[in-house]
1. Go through 325, 259, 242 for me and flag whichever is within 16 Å of the ligand (Cβ to nearest atom), touching a residue at least 24 places away in the same chain (Cβ under 8 Å) and farther than 25 Å from residue 179 by Cβ.
2. Considering only residues that are touching a strand residue (DSSP E or B) at 6+ places or on another chain (Cβ under 8 Å) and either part of a strand (DSSP E or B) or away from the ligand (no atom under 13 Å from the Cβ) (or both), look in the stretch 23-39 and name the one that is nearest to residue 313 (Cα to Cα).
3. Tell me which residues, restricted to the stretch 28-50, are surrounded by fewer than 23 Cβ atoms within 10 Å (Cβ to Cβ) and under 22 Å from residue 296 (Cβ atoms).
4. Of the numbered conditions (1) touching a residue at least 24 places away in the same chain (Cβ under 8 Å); (2) assigned to a helix (DSSP H, G or I); (3) within 16 Å of the ligand (Cβ to nearest atom), residue 280 satisfies every one except a single condition; which is it?
5. For the structure I just gave you, tell me whether residue 16 is surrounded by 24 or more Cβ atoms within 10 Å (Cβ to Cβ) and either in a helix (DSSP H, G or I) or more than 15 Å from the ligand (Cβ to nearest atom) (or both).
6. Look through 179, 137 and report the one residue that is crowded, with 16+ Cβ neighbours inside 10 Å, within 11 Å of the ligand (Cβ to nearest atom) and closer than 28 Å to residue 311 by Cβ.
7. Looking at residue 129 and the list (1) closer than 26 Å to residue 289 by Cβ; (2) surrounded by 20 or more Cβ atoms within 10 Å (Cβ to Cβ), which single condition is not satisfied?
8. Could you check residue 152 against (1) in a strand (DSSP E or B); (2) within 16 Å of the ligand (Cβ to nearest atom); (3) surrounded by fewer than 24 Cβ atoms within 10 Å (Cβ to Cβ) and say which number it fails?
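No value in this document is a laboratory result; all are computed from the given coordinates. From a predicted model like this one, the values you see are computed outputs, not experimental measurements. Positions of Cβ are backbone-derived with ideal geometry, glycine not excepted, and every protein chain shown enters the neighbour counts.
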Ligand code: KG4
């Protein structure tokens, strides 16, 4: 029997999960800091670290209570070691190392984005080769996977991540933080009546989102200067249509070159209802489209536990000297792990 205790603290969620026998999720406690960062319009790294310190033991105990087990029952301890905010990562890693040392358990350092991808294993098993589209506040990447933990990044954003663009556009429109869910909801009531210039992006499968944000800003200024009235919902809807179109276009282009069995969507922005619809409409029916349940889209430790299973199966156990890696590349996720 295996009982993995997983810890995630890379950004603004303190989360602990317990996974039994690779499949049965006994607990997935998520304590979000969103309310604390909201007034600043974004995550403040130092504040995030302090809040993780306050919460980490509470969340660990809550997960053990929910799972009705004790630390002695745990067989492995998994933790996000990167990428993410350095201070925030440290809190999770130090907690994991301390538990591993005291209870003499094997420690596994898991890549955060591998976690986002592996969250989809709560939906179905993976069939390789597959193509994963990672869309979050910090990442926009197209990843080709030939096997377990075997990642090849074929495209990535050259500037802002798509989630960042949602958050920045929401700020421009005075909508609040995080912007993604607010724009998602508002866009449903609007019409895509505005056209933004399409960015020229170097690299076949790369993305660019800083231009979209500037285009929205220019559009708002033009409308205001000309005393033209406008509806925020129409701007939100037009921005979203453009932002998602880039994802769909590049995914479909990649599917022409890469013969895959599954397309997987992962990360915070995969919660977006329009993106989900567009993926369903556009991914050819012969390819299985896998979309995570809403609970698994934002940061959580259940996804880290699922990815940890693949690490354990490859024998990738770390020693207690392991440090965090805030810039850990996905392609190196099985290296520097000891
Ligand atoms: O994966 P995540 O929780 O954190 C990172 O690791 O980055 O993603 C957070 C991002 C934020 O930018 C947030 O605005 C965006 O995901 N997001 C959404 C939606 N829900 C969250 N973006 C668009 N539509 C949504 N429904």
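1. Just one listed residue meets the conditions, 325.
2. Going through the stretch 23-39, the residues touching a strand residue (DSSP E or B) at 6+ places or on another chain (Cβ under 8 Å) turn out to be 25-33.
Filter again for either part of a strand (DSSP E or B) or away from the ligand (no atom under 13 Å from the Cβ) (or both), leaving 25-32.
Numbers: 25: 18, 26: 20, 27: 22, 28: 22, 29: 25, 30: 26, 31: 29, 32: 31 Å.
Among those residues, the one meeting the criterion is 25.
3. Across the stretch 28-50, the qualifying residues are 30, 31, 32, 33, 34, 35, 37, 43.
4. The number of the failed condition is (1).
5. Spelling it out, residue 16 is indeed surrounded by 24 or more Cβ atoms within 10 Å (Cβ to Cβ) and either in a helix (DSSP H, G or I) or more than 15 Å from the ligand (Cβ to nearest atom) (or both).
6. Of the residues listed, the single one that is crowded, with 16+ Cβ neighbours inside 10 Å, within 11 Å of the ligand (Cβ to nearest atom) and closer than 28 Å to residue 311 by Cβ is 137.
7. Residue 129 satisfies all of (1) closer than 26 Å to residue 289 by Cβ; (2) surrounded by 20 or more Cβ atoms within 10 Å (Cβ to Cβ) except (2).
8. For residue 152, the failing item is (2).
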